[in-house]
């Protein structure tokens, strides 16, 4: 099972996350794994991995970024990708400050 996507820019980040989530979930359900990579392994692949953790595991954005950085410390250096992840997490009420009032 393969999921290829051209990520020249993340103009449709939310739709891409939905498609990737379906692929990742199918891989997990089949007992498999998913390899997420991009040309440098710094921004695009990390953004998808973080978004998946936020969406599927319901962890905060900060928790997801920390988890990814355990194995790959030099990721998400691009402001544009970080802003989109903040928007993605905010829509799910999974920014750290949006959980404080609960």
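Quick check: is even one residue across region 47-58 modelled with pLDDT under 85 and either closer than 20 Å to residue 84 by Cα or under 12 Å from the mean Cα position of the chain (by Cα) (or both)?
As a first pass, look at region 47-58 and keep what is modelled with pLDDT under 85: none.
Scanning region 47-58 turns up no residue that is modelled with pLDDT under 85 and either closer than 20 Å to residue 84 by Cα or under 12 Å from the mean Cα position of the chain (by Cα) (or both).
Scanning region 12-43 for residues that are assigned to a loop (DSSP other than H, G, I, E, B), free of Cβ contacts under 8 Å to residues at least 24 places away in the same chain and out of contact with any helix residue (DSSP H, G or I) (no Cβ under 7 Å at 6 or more places or on another chain), which turns out farthest from residue 82 (Cα to Cα)? Reasoning before the result, please.
The first filter runs over region 12-43 and keeps only residues assigned to a loop (DSSP other than H, G, I, E, B), leaving 12, 30-43.
If we keep only those that are free of Cβ contacts under 8 Å to residues at least 24 places away in the same chain too, we end up with 12, 31, 33, 35-37, 39-40.
Keeping just the survivors that are out of contact with any helix residue (DSSP H, G or I) (no Cβ under 7 Å at 6 or more places or on another chain) gives 12, 31, 35, 39-40.
Working: 12: 15, 31: 31, 35: 21, 39: 18, 40: 16 Å.
Only one residue fits best here, namely 31.
Filter region 73-90 for residues that are more than 11 Å from the chain's Cα centre (by Cα) and at pLDDT below 90 and give the result.
Narrowing region 73-90 to residues more than 11 Å from the chain's Cα centre (by Cα): 73-75, 77-80, 83, 87, 90.
Once the filter is applied, which keeps residues that are more than 11 Å from the chain's Cα centre (by Cα) and at pLDDT below 90, region 73-90 yields 78, 80.
For region 73-85, name all the residues that are part of a helix (DSSP H, G or I) and under 16 Å from residue 49 (Cβ atoms). So that I can check it myself, show each step before the final result.
Going residue by residue through region 73-85, those that are part of a helix (DSSP H, G or I) are 79-85.
81, 82, 84, 85, listed by residue number.
Among (1) under 14 Å from residue 13 (Cα atoms); (2) at pLDDT 90 or above, which single condition is residue 93 missing?
Tallying (1) under 14 Å from residue 13 (Cα atoms); (2) at pLDDT 90 or above, residue 93 fails exactly one: (1).
For the structure I just gave you, tell me whether residue 100 is modelled with pLDDT under 85 and at negative phi. Let's see the steps before the verdict.
Numbers: modelled with pLDDT under 85: yes; at negative phi: yes.
Answer is yes for this residue.
Would region 44-58 turn up any residue that is more than 23 Å from residue 15 (Cβ to Cβ) and either surrounded by 14 or more Cβ atoms within 10 Å (Cβ to Cβ) or free of Cβ contacts under 8 Å to residues at least 24 places away in the same chain (or both)? Give the derivation first.
Here is the first cut: in region 44-58, the ones more than 23 Å from residue 15 (Cβ to Cβ) are none.
Scanning region 44-58 turns up no residue that is more than 23 Å from residue 15 (Cβ to Cβ) and either surrounded by 14 or more Cβ atoms within 10 Å (Cβ to Cβ) or free of Cβ contacts under 8 Å to residues at least 24 places away in the same chain (or both).
The values are calculated or read from the model by the stated rules, or taken from the named source; none is laboratory data. Owing to the predicted nature of the structure, the values given are computational and were not obtained by experimental measurement. With ideal geometry, Cβ positions are generated from the backbone for all residues, glycine too; neighbour counts draw on all protein chains shown.
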